[in-house]
Amino acid sequence: MTSSPTLAGATTARNAVALVFGLNGFCFATLASRVPDLRESLDLTNGALGALLLSVAVGSMIGMPASGHLIERFGAGAVVRLGALVDLVGLVVAGAMATAGSALGASVGLLAYGFGTGVWDVAMNVDGAAVERELGRSIMPRFHAGWSLGTFTGAGVGAVAAGLGVPLAVHYAVVPAVAVIVAVVASRRLLPADEEHEVDDATASRSAWLEPRTLAIGLMVLAFTLAEGAANDWLALSLIDGYDARHWVGVLGFALFVASMTLGRLGGPIVLDRFGRAPSMLASALAATTGVLIVVWTGVAALAVVGIVLWGLGSALGFPVGMSAAGDDPARAARRVSVVSTIGYGAFLAGPPLLGFVGDQVGTLRSLLVIAIAMIPAAVLVSSVRKPRVAPA
């Protein structure tokens with residue numbers, strides 16, 4: 001059995017994980033920033049575009065459950081490299097096929113991209129949890145803040161590329177290629193999967209999908225992911241429809257949410273180390289609920305700003321804390337993180353149509369009350385993220 005990584009090694013791995021998170025977000029923003037050009041190239045309606053983009057979610061939902069076994073066999077670094085390379089191939093195919101006018105070909109590329117980003121996501125979270133254990137303090141939320149910063153950077157590059165008229169196929173090939181090369185190099189600095197852990201045969205053969213604690217963590221993450229994803233999809237529209245705001249005001253409201261969530265992730269480790277996971281997540285659920293209720297019920301723009309900030313801060317820690325909790329036991333971390341990730345990402349599949357259906361019944365703004373309702377079971381399940389007690393030797 002090899003010895004644990006030194007503090008210097010863990011610090012190097014920490015920096016590599018942070019970079020890998022940022023590059024994953026950068027690649028996502030590369031795709032998202034040119035979606036209008038994707039629609040134009042294929043001459044799609046909004047409904048058809050939504051169906052096309054569903055390929056990404058389907059690919060991720062295929063990749064995430066498989067990633068646990070891949071990580072256990074090959075290590076997190078190797079799976080990050082696999083995911084990054086598949087990401088690149090998917091984007092190249094999507095860009096080329098869209099330019100050629102083939103929606104089917106573009107959907108195949110986006111499916112591959114979804115698979116790649118799914119396994120990459122789980123692998124970087126598994127290694128992030130390992131770094132957190134080695135350092136002995138909370139740091140996962142800051143990795144996820146790095147992902148957000150990567151999306152900001154990627155979106156900025158995408159805006160410039162679109163403004164300069166860079167062809168979609170060129171953008172989808174050249175820009176992610178640079179990011180993937182850096183990710184491949186950085187992944188070699190991740191913590192090695194060379195430490196053996198003694199696991200009895202019954203535990204090794206049991207599926208993580210049958211573990212009550214893992215499922216409870218996944219359901220809690222699902223609720224918080226719904227809160228985050230609903231803002232991505234519906235916040236700007238809710239402000240436009242519910243507050244009669246101009247389009248740019250709606251976009252500004254969404255930007256405020258993202259900034260608040262990023263701030264919550266940067267400061268989250270301080271809160272987690274001071275108060276613990278469960279109390280912090282209970283406060284997060286309360287903040288998200290309060291924020292949504294303020295946005296929906298007050299009808300006052302100034303108060304809506306306060307509500308958006310609370311909503312963003314409350315949504316910040318759900319996913320990263322879930323990843324940390326799933327990775328508490330290094331012997332089962334890969335499988336558990338893959339399960340929790342898969343359940344959590346289910347919100348990106350179910351959330352948009354659910355809120356869309358509710359919005360048709362009660363209006364776009366009031367459909368956000370679904371988030372407040374989802375926070376009730378989330379608050380009940382926060383105890384699942386407590387660190388398991390280690391039995392005395």
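Scanning the stretch 241-255 for residues that are free of Cβ contacts under 8 Å to residues at least 12 places away in the same chain and within 22 Å of the chain's Cα centre (by Cα) yields LEU252, ALA255.
Applying the criterion of being among the hydroxyl-bearing types (Ser, Thr, Tyr) and under 25 Å from GLY156 (Cβ atoms) to the residues of the stretch 32-59, the residue that is nearest to the chain's Cα centre (by Cα) is SER33. For the stretch 340-358, the count of residues that are modelled with pLDDT of 85 or more and loosely packed, with under 14 Cβ neighbours inside 10 Å is nonzero.
Answer yes if at least one residue in the stretch 278-289 is under 14 Å from ALA231 (Cβ atoms) and not hydroxyl-bearing (Ser, Thr, Tyr), and no otherwise. Yes, the stretch 278-289 contains a residue that is under 14 Å from ALA231 (Cβ atoms) and not hydroxyl-bearing (Ser, Thr, Tyr). Contact annotation: residue pairs with Cβ atoms under 6 Å, 6 or more positions apart or on different chains, pairing a residue in the stretch 223-240 that is of a type in the set (Asp, Glu) with a partner that is crowded, with 24+ Cβ neighbours inside 10 Å and in a helix (DSSP H, G or I), are GLU228/SER315. Among the criteria (1) closer than 26 Å to ARG189 by Cβ; (2) within 23 Å of the chain's Cα centre (by Cα); (3) of a type outside the set (Val, Ile, Thr); (4) assigned to a helix (DSSP H, G or I), the one ARG137 does not fulfil is (4).
Please give the helices (runs of 4 or more DSSP H) falling wholly within the stretch 315-393 in which 3 or more residues are over 23 Å from HIS144 (Cα atoms). Spell out the reasoning first.
Details: elements: 318-326, 333-362, 369-380.
It comes to 333-362, 369-380.
Please state which one of ALA316, ALA334 is crowded, with 24+ Cβ neighbours inside 10 Å and farther than 18 Å from GLY118 by Cβ. One residue alone meets the criteria, ALA316.
Of note, ALA84 does not satisfy the criterion of being assigned to a helix (DSSP H, G or I) and surrounded by fewer than 19 Cβ atoms within 10 Å (Cβ to Cβ).
With free of Cβ contacts under 8 Å to residues at least 12 places away in the same chain, hydrophobic (A, V, I, L, M, F, W, C) and more than 22 Å from PHE152 (Cβ to Cβ) as the only criterion, which of ALA129, ALA123, ALA100 stands out? Show your work before the answer.
Values: ALA129 fails: free of Cβ contacts under 8 Å to residues at least 12 places away in the same chain; ALA123 fails: free of Cβ contacts under 8 Å to residues at least 12 places away in the same chain.
Result: ALA100 is the single residue among ALA129, ALA123, ALA100 that is free of Cβ contacts under 8 Å to residues at least 12 places away in the same chain, hydrophobic (A, V, I, L, M, F, W, C) and more than 22 Å from PHE152 (Cβ to Cβ).
From the list LEU110, LEU149, which one is buried (at least 22 other Cβ atoms within 10 Å of the Cβ), in a helix (DSSP H, G or I) and aliphatic (A, V, I, L, M)? Unique residue meeting the criteria: LEU110.
The values are calculated or read from the model by the stated rules, or taken from the named source; none is laboratory data. What you see is a predicted model, and the numbers here were worked out from it, not measured in a lab. Virtual Cβ from ideal backbone geometry, glycine too; neighbours counted across all protein chains shown.
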